[in-house]
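Novice: Shown below is the structure under consideration.
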Amino acid sequence: MSQPPDRTEHTRFAAVRARLEAYEPRPGWQAWVFEFLLFGFKQGWACLFGGLMLALLLGTHLFYPLDAPVARYDFLTLGALAIQAGMLAFRLETLEEAKVILAFHLVGTVMELFKTHFGSWLYPEPSLLRIGGVPLFSGFMYAAVGSYLARVSRIFDFRFSHYPNPLLAGFLAVAIYVNFFAHHWLPDLRLALFAALGLLFLRTRVWFRVWREDRWMPLLLGWLLVALFIWFAENIGTYSRAWLYPSQRLGWAMVSPAKLGAWYLLMYISFILVAAVRQPLSYVRPEKA
């Protein structure tokens, strides 16, 4: 089965993708290795914005001058804007994906303002480009997640089978987002929300294509793998002192694996938000699952 055309053929990635997919390795293990490497390349391309942001965080932590005229956090904000502008100018990203990044920046900044007010985490360095205690570069951390989801769904031609009612799925996302705020005053409904998530999506599969064959995995597993990756990235972010949890004030320590649960729920919100901003989800008939 041939690969569907890239819906954003004006991007530089489309030409590279076409050349790679036209390659003809020998059948057998060589074809499997090629598909595995192609999977890694496409994932790396989908992570481009987030990868550049992580490199910026770590690079400024290690090499940014202490006596620089611009505060490090402000430099990070300007650097994130430059990355965004460069990706659009060099056709590494589409305007559609930039809209997703903007939506995530706004949603993420609201959460940052609330969580830092309650001391869930903090930004220890001074800056001018900030709202309250939140430097503006922080919204780009959420935007990196949105950028990845928007890009990976296009690059791998995501389709879904046994997908639940979209209204129920959207209502659950709203309930999870509200719980992130409300649990500071009301009982934390996280376990109930996990249960609802499992019941709704237990049978849902995400279908994708790396090269020429359709592959699939349980959607719940896919979200877990992405949440695990974000947890690794969060450890890099806190190591670079871009932000800190209260337990890390006296010295860096690995972020608790318990945070995976929060990232899993945030991954679900991100998935629903991308579907709402970018385009309707693509479905396959259940009998094909």
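Please treat every number below as a calculation from the coordinates, not as lab data. What you are looking at is a predicted structure, and each value in this text was computed from that prediction instead of being measured. For neighbour counting, all protein chains shown are included, and Cβ atoms are generated from backbone atoms with ideal geometry for every residue, glycine included.
Novice: Using only alpha carbon positions, build the gyration tensor of the stretch 34-174, then give the equivalent ellipsoid semi-axes as the square roots of 5 times its eigenvalues, largest first, whole angstrom.
Specialist: Equivalent-ellipsoid dimensions as semi-axes: 30, 22, 13 Å.
Novice: Comparing Met267, Met217, Met141, which has the greatest mean-square fluctuation in the GNM of the chain with Cα pairs linked when under 10 Å apart?
Specialist: Met217
Novice: Rounded to the nearest 0.05, what FRET efficiency do Leu128 and Leu189 have when you use their Cβ-Cβ distance and R0 = 41 Å?
Specialist: 0.60
Novice: Compute the signed sum of charges (Lys and Arg +1, Asp and Glu -1) over the other residues within less than 15 Å, Cβ to Cβ, of Val178.
Specialist: +1
Novice: If packing is taken as the mean number of other Cβ atoms within 10 Å per residue, what is the order of 67-78, 19-30, 95-106, highest first?
Specialist: 95-106, 67-78, 19-30
Novice: Please state the shape class of the stretch 105-206: rounded when a/c is under 1.5, otherwise prolate if a/b exceeds b/c and oblate if not, all from the C-alpha gyration tensor.
Specialist: Because a/c hits 1.5 or more and a/b fails to exceed b/c, the stretch 105-206 counts as oblate.
Novice: Separation of the stretch 197-268 and the stretch 141-194 by C-alpha centroid, Å?
Specialist: 12
Novice: Further question: So which aspartates and glutamates can Lys42 reach, going by Cα to Cα under 20 Å and dropping same-chain residues fewer than 8 places off?
Specialist: Asp6, Glu9, Glu21, Glu24, Glu93, Glu96, Glu97, Asp157, Glu213, Asp214
Novice: On a 0 to 90 degree scale, rounded to 10, what angle separates helix 29-46 from the longest Cα axis of the chain?
Specialist: For 29-46 against the chain, the angle is about 40 degrees.
Novice: Sticking with the crude label model, points 7 Å out along Cα→Cβ, report the distance from Leu228 to Ala258 in nm, one decimal please.
Specialist: 2.1
Novice: Which aspartates and glutamates, if any, have their Cα less than 14 Å from the Cα of Lys259, not counting same-chain residues under 8 positions apart?
Specialist: Glu234
Novice: What is the helix-to-structure angle for 48-63, meaning the angle in degrees between its Cα long axis and the longest Cα principal axis of the chain, kept from 0 to 90 and rounded to the nearest 10?
Specialist: 30
Novice: If you fit an axis through the alpha-carbon atoms of helix 259-277 and take the longest principal axis of the Cα set of the chain, what angle between them do you get, 0 to 90°, nearest 10?
Specialist: 60
Novice: Over all alpha-carbon pairs of the chain, lay out the pair-distance distribution in 10 Å bins, whole %, shortest bin first.
Specialist: 6, 26, 33, 23, 10, 2, 0
Novice: Bin width 10 Å, alpha-carbon pairs only: give the P(r) of the stretch 176-289 as whole percents, running from 0 to the bin holding the largest distance.
Specialist: Whole-percent P(r) values from 0 Å outward: 11, 33, 34, 16, 5, 0.
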